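A quick write-up on the structure given underneath.
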Amino acid sequence: MVDGARDVLAKVVVDFVEFGGDLGGAVGDGPLGWDGYGASRVRAAERTGSDESVVCGRGTVGGRPVVCVAFEFGFLGGSVGTGAGARVVDAFARARRARLPVVSLIATGGTRMQEGVPALRQLQLIAREAVLLRESGLPHLAVLRDPTTGGVWASLGAMADVVVAVRGAQVGFAGRRVRAPAVAHDSAYTAESQYRHGFVDELVDEGALSGLVDEWMSHLATSDLEPAEVPRALGDLEPAPDGWAAVLLARREGRPRALRYLDDHFDSRRPLRGGRERDGMSCGFGIRNGRAIAYAAQDGTATTPAGFRAATRLVRTADRLRIPVLTLVDTPGAAAGPDAERDGIGPAIAELFGAIAAARVPVTTLVIGEGGSGGALALCSLDRVWIAPDAYFSVIAPELAAGILKRAPEDVPGLAGQLRLRPAELLELGVVHGIAQG
């Protein structure tokens, strides 16, 4: 049985005060004159103690004031009609006026068929308010509970800056009763599947929901606009004697990669699942010395289009929320296979170039391994680029340069030297602004 709206609010929010006021909504049997609809609402209210499918108000999460929207699934399946839609719209508008973040605790079957298209249209009105909140630079955290289906998932839930889902929850656009019998219980319609495919940022057990919401509110808090600190170098601090040695040093097995750097640099961090391990990019928000910092970090493999899109999402979200960005560069280059081409590797890189170029918050970059061509450059700051002593940055990999120039394999080490890709050479060329210290 799904907890009611007030039960879940009691777990997550302190000092919750419900918004008052008559915002209208269906009367009697509603705009369609649906026989028995009015009586159904009366019974739902008696059963749940709520006069609508959403409860909206203001409270405190982790010591920070927030506006909360909580769905009451026991009231006609948490469905959105004109009254519920008006309450959600009002809650977002109040949050915007008060400069407060929004936490949506969702458990719904979608829109209310007894009110027809007037109910369906609420999704547009809710989406507009979510966009206005986003444009105001205020964060929105959505928690997908069991179930989260239909248009509410495809508007309020999926539009949030961060999407958290309760393990085992049914999450999908098509609810169980409208799916074909053969796929009614398919695993695609689960929180775990949405997480695996990058549409949910984090999974949480119901019992840990309070702590996770607290954590996310701190990690999304607007920071001062000082640039992120440059992480300390964790690898070999001795400079390579020549270009080819620098390439081999950056490629060596067991060298510190992005996750080690992130764990060393941040006091705590929360991931955005849009950057999945197999895409070569890890994204999220961290806390360092009490400040929120967004991060996007390559993992040493070829970055896929999905990886670049994840970084673009991260940069744009951080820019809206006024949170500085740290990027860690480590890739032999962008994925170059047919699948990457079909998935739009060029446009994906272009989007990231554009996001960083347009960012109003400071972006700081540290090259921690291989800096391979445009696939590395796309993640770089325009004016704050540092490099670790055991890293390199090159216009092209030496082996590929040999292929283009029709050189023999034994010419590769010499070409590495000609490319002037070592940290000290890059500093001399003005490509990087400094070499990180251990």
- Report the one residue of C283, P362, A119 whose Cα lies farthest in the direction of the positive end of the charge dipole of the chain (charges on C-beta: Lys and Arg +1, Asp and Glu -1; origin at the Cα centre). A119
- Please find the FRET efficiency linking D383 to V42, where r is the Cβ-Cβ separation and R0 is fixed at 56 Å, and quote it to the nearest 0.05. 0.35
- Item | Inter-probe distance in nm under a simple model that places probes 7 Å from Cα toward Cβ, at S193 and R322 | 4.2
- Using 7 Å Cα-to-Cβ label points, what is the Q437/N289 separation (nm, one decimal)? 1.4
- Taking amide hydrogens as modeled 1.01 Å from N in the peptide plane, which residues meet the under 5 Å criterion relative to R422, leaving out close sequence neighbours? none
- Task: First select every other residue whose beta carbon is under 14 angstrom from the beta carbon of I435; then total the charges, Lys and Arg +1, Asp and Glu -1.
- Result: -2
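Within 12 Å, Cβ to Cβ, of A359, how many net charges do the neighbouring residues add up to if Lys/Arg are +1 and Asp/Glu are -1?
Working: positive: R316, R320, R322, R360, R384; negative: D319, D383.
Its environment carries a net charge of +3.
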- Message: I'd like the Karplus ³J(HN,Hα) series for segment 401-416: coefficients 6.51, -1.76, 1.60, θ = phi - 60°, whole numbers in Hz, and an x wherever there's a Gly or Pro.
- Response: 4, 4, x, 5, 8, 6, 9, 6, x, 5, 7, 4, x, x, 5, 4
- Query: Tell me, what is the percent relative contact order of segment 83-153, built from C-alpha pairs under 8 Å that lie six or more residues apart?
  - Reply: 48
- Message: Within segment 120-148, name every residue whose backbone N is under 15 Å away from a label modeled 7 Å from Cα of D7 along the Cβ vector.
- Response: 145-147
- Task: Return the long-range amide H neighbours of L326 (sequence gap of 5 or more, or a different chain), with a cut-off of under 5 Å between placed amide H atoms.
- Result: A294, Y295, A296, T364
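At a 10 angstrom cut-off on C-beta neighbours, averaged per residue, how do the peptides 292-298, 377-383, 94-100 rank from highest to lowest? Before the final figure, lay out the partial values.
Numbers: 292-298: 27.3, 377-383: 19.9, 94-100: 15.7.
In decreasing order of mean packing, 292-298, 377-383, 94-100 become 292-298, 377-383, 94-100.
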- Using the Cα gyration tensor of segment 243-435, with a ≥ b ≥ c the square roots of its eigenvalues, what is the shape: rounded (a/c below 1.5), prolate (a/b larger than b/c) or oblate (neither)? prolate
- Message: Relative contact order for the chain: what percent, with Cα pairs under 8 Å and sequence separation of 6 or more?
- Response: 11
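Calculated FRET efficiency, R121 and D339, Cβ-Cβ r, R0 35 Å, to nearest 0.05?
Working: r = 39 Å, r/R0 = 1.12.
So the FRET efficiency works out to roughly 0.35.
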- What is the local net charge at R269, summed over the other residues whose Cβ is closer than 14 Å to its Cβ (Lys, Arg +1; Asp, Glu -1)? -1
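Nothing charged except the Cβ atoms of Lys and Arg (+1) and of Asp and Glu (-1): what's the magnitude of the dipole of the chain about its Cα centre? Round to the nearest 20 debye. All intermediate terms of the calculation are to be shown ahead of the outcome.
Values: 47 positive and 52 negative charges, 160 e Å.
Charge dipole, the chain, about its Cα centre: 760 debye, nearest 20.
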- Under 5 Å, built H, 5+ apart or other chain: amide partners of V54: E72
- Message: Starting from a Cα-only point model with no solvent, please compute log10 I(q)/I(0) by Debye for the chain at q = 0.07, 0.08, 0.12, 0.14 1/Å.
- Response: -0.41, -0.51, -0.95, -1.18
- Query: So what J values fall out for segment 284-293 if you push phi through Karplus, 6.51 cos²θ - 1.76 cosθ + 1.60 with θ = phi - 60°, rounded to Hz, Gly and Pro as x?
  - Reply: x, 10, x, 10, 10, 6, x, 9, 7, 9
- At 7 Å along the Cα-to-beta-carbon direction for both D263 and L225, put a label point, then send me their distance in nm to one decimal. 3.5
- Would you mind checking segment 207-241 for residues with the amide N under 15 Å from a putative spin-label position 7 Å along Cα→C-beta of R99? 221-225
- Message: Quick check: Cα centre of segment 236-298 to Cα centre of segment 388-417, how many Å?
- Response: 23
- Task: Could you pull out which residues in segment 136-163 have an amide N less than 20 Å from a spot 7 Å beyond the Cα of A180, following the Cα-Cβ vector?
- Result: 150
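Averaging sequence separations of C-alpha pairs under 8 Å and six or more residues apart, then dividing by the length of segment 41-166, give the relative contact order as a whole percent.
On the way: 264 pairs, mean separation 28.5, N = 126.
Across segment 41-166, relative contact order equals 23 percent.
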- Note on the structure: In whole angstrom, the spacing between the Cα centers of segment 419-438 and segment 83-154 equals 49
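At R0 = 45 Å, how high is the FRET efficiency between R64 and E399 if r is their beta carbon distance? Nearest 0.05 is fine. Don't skip to the answer; put the middle values down first.
Details: r = 51 Å, r/R0 = 1.14.
The calculated FRET efficiency here is 0.30.
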- What ³J(HN,Hα) values, in whole Hz, does the Karplus curve 6.51 cos²θ - 1.76 cosθ + 1.60 give for segment 258-271 when θ = phi - 60°, with x put for Gly and Pro? 4, 5, 5, 4, 5, 5, 6, 7, 9, 6, 7, 7, 10, x
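Coordinate-derived values only; no laboratory data. What you see is a predicted model; the values in this text were computed from it and never measured. Methodologically, a virtual Cβ is constructed for each residue, glycine included, from the backbone with ideal geometry; neighbour enumeration extends over all protein chains shown.
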